[in-house]
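K.L.:
Here it is: the structure, laid out below.
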Amino acid sequence: MTDKAKRFPLTLSSVVDQKSKTDHSKRSVATPQTATKNAAWESSRPVPVPRTASGAAPAPSVNRSMARPAQTASHVERSDSMVSDGVRKAMVDRVARQGVNDARVLAAMEAVPRHMFMEPGLSSQAYIDASLPIGHHQTISQPYIVARMIEIMRDNQQGGVLNRVLEIGTGCGYQAAVLSLVAKEVYSIERIKPLHELARSNLRPLRIANIRLHYGDGMLGLPQVAPFDGIILAAAGLEVPQALLDQLTIGGRLVAPVGSRHQVLQLIQRTSKFDWTSTTLEDCHFVPLRAGTV
């Protein structure tokens, strides 16, 4: 594999490993202010030494010389056990045991602080293998399925090289952050305006230069910047919209959940201008794919 390392102003894990406490007595709903408060509180901590999963390639190189965001009066307290490198590494080790073998994907999963993409009240569950609510009847996908879908998309005829990828369903921004470490350019569409703003707030303190967020109807894709080497859908439709298939490069891969009550993960590869092949992979469960914006 000859992927070129990308440089970011900050390592994705540079805002992790804070020590404090949290109150789980109140039910939390994701808001755009969440990540802003998280990052403000976490910004004063020293940068930890990045670590990778056992046998995994190191995460892409970063520049740690950039100044951190200034701390504000907003202060979110968390338990150190929720955000430690060890807990995140244990999550990655579990994903590897479940069958994800792509070293670059595993390294990206370990680099991204998943707890920063959800409410403090759910931080204690950030690294379990489960989807969790982020508000507006949407969820952050379970770590395994995030890693699995990206691994499938990277298993292409270009040796895993992904110059431009499209994500349908930005949600809280977590999967886009992981994608940013394995693709040169990441475009992500969200149809729910508050979640689009939430993702912007979550990603802003991480200063990732190669993500472009769009508010719009994901079923239409982004023809103005197509074609894409890979497309990932974070919501399940009865079938994959033809507009998205048309935006794949020849040789490109689209990974999507398909179905209603019973959903399966489907891989679609474009083999020529007018031909695609489809492979059913495994059972899964996602929120429904919907048209339009709200």
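K.L.:
Loop only by DSSP, 14 or fewer other Cβ within 10 Å of the Cβ. Give me the trypsin sites (Lys or Arg not before Pro) in the stretch 235-294 that pass, ordered by residue number.
P.N.:
Counting only loop positions with at most 14 other Cβ atoms within 10 Å, the trypsin sites (Lys or Arg not before Pro) in the stretch 235-294 are Arg261, Lys273.
K.L.:
Can you work out ³J(HN,Hα) from phi for every residue in the stretch 158-168, in order, using Karplus 6.51 cos²θ - 1.76 cosθ + 1.60 and θ = phi - 60°, giving whole Hz and x for Gly and Pro?
P.N.:
After applying 6.51 cos²θ - 1.76 cosθ + 1.60, I find 9, x, x, 5, 10, 6, 9, 10, 10, 10, 9 Hz.
K.L.:
Suppose the chain between His285 and Leu220 were pulled fully straight at 0.36 nm per residue; how much longer would it get relative to their current alpha carbon spacing?
P.N.:
That works out to 21.2 nm of additional length.
K.L.:
So if I take the centroid of the Cα atoms in the stretch 111-178 and the same for the stretch 224-294, what is the distance between those two points in Å?
P.N.:
Centre-to-centre (Cα) distance: 16 Å.
K.L.:
Also, quick follow-up: Where does each of 232-241, 278-287 land if you order them by average Cβ count within 10 Å, highest first?
P.N.:
Ranking the peptides 232-241, 278-287 by packing returns 232-241, 278-287.
K.L.:
Over the stretch 107-228, how many percent of alpha carbon pairs lie in each 5 Å bin up to the one with the longest distance?
P.N.:
In order of increasing distance, the bins hold 2, 11, 22, 25, 22, 12, 4, 1, 0 percent.
K.L.:
Using a 1.4 Å probe on the protein heavy atoms, what percent of the accessible area of the stretch 150-246 belongs to carbon and sulfur?
P.N.:
Result for the stretch 150-246: 50 percent of the exposed heavy-atom area is carbon or sulfur.
The values are calculated or read from the model by the stated rules, or taken from the named source; none is laboratory data. Bear in mind the structure is a predicted one, so any value in this text is a computation, not a measurement. As a convention, Cβ positions derive from the backbone with ideal geometry for all residues, glycine included, and neighbour counts pool all protein chains shown. Note: accessible area is taken over every heavy atom of the protein model, side chains too, but ligands, DNA and RNA are not part of it. Shrake-Rupley method; radii C 1.70, N 1.55, O 1.52, S 1.80 Å.
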